[in-house]
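This report refers to the structure that appears directly beneath it.
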Amino acid sequence: MQVNGQTLPIEICLLQKLAHVDSVVQLIDYFEKPDSFIVVMDRPDPCKDLFDYITEKGVLDESEARDFLCQVLKTLVEVHKAGVIHRDIKDENLLVEMDTMRIKLIDFGSGTLYKETLYTEFEGAVDYFDIFVIIMIIRWTALFVFVYFFFAIQRSLFKSICFIVNQTNVYNIVINNVLT
C-alpha cells in the first residue's frame, strides 16, 4: 500500500490507522530492510493468546466467556468504524492481558481497508473458514456449471428442466441477465 510515496505492508498501514483503538495492539515503530520490514509492537506483560488461555484453563464460565465476547465485539466495532476489516478473527489473534483480563486484537496481516464493493480475494486461516460458506460456494458453483452445461447443449432443454423443478425465475435470470 502506498503511503506518502512509500510502499508499506498492509499490516503497518492498518495499525497506523488503528492507533487510537486501545484494544488493538499498538504499532511502536517499523524498520525497512532491503527484502522485508521489521515491525515493533507493544506486548502486554503478562499475556497469553486466547487459545492458550482456554487450553490451560479448560472450560470458561459463562460470565468470563461473555466478558471476552463483549470485548471482542466492541473492538471490532471500533476497528470497522476506523474503516478496517481484520479478516482473520480467531482465538490465536486475541491476547488476554493476564493482570486486567482485557483482550487485545493482534495480527492484521490478512486485513484490508473497508470498501463498498465485493472482496474478491480470500485472506485468513483456511482452518477457520466456515464449512457452511464452503458448502454454499460448492452449491453455487454446481448451479453455475449445471446452468451453463444445459444452456450450451440446448436452451429449450434447460427451459424444460427449469419448469419441471419449478424454477422459472432461475431460467429468466439466466436467459435475461447472465447469458445475453
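None of the figures in this text is laboratory data; all of them are computed from the coordinates on show. Please read these numbers as outputs of a predicted model, since none were measured by experiment. Cβ coordinates were reconstructed from backbone atoms using ideal geometry, including for glycine residues, and neighbour counts include every protein chain displayed.
Would you please name the residue that is nearest to residue 41 (Cα to Cα), looking only at residues in region 13-29 that are surrounded by 18 or more Cβ atoms within 10 Å (Cβ to Cβ) and of a type in the set (A, V, I, L, M, F, W, C)?
Going through the qualifying residues, I end up with 27.
Out of all the residues in region 68-83, which are surrounded by 15 or more Cβ atoms within 10 Å (Cβ to Cβ) and not polar (S, T, N, Q)?
Those that are surrounded by 15 or more Cβ atoms within 10 Å (Cβ to Cβ) and not polar (S, T, N, Q): 68, 72, 76, 78, 79, 82.
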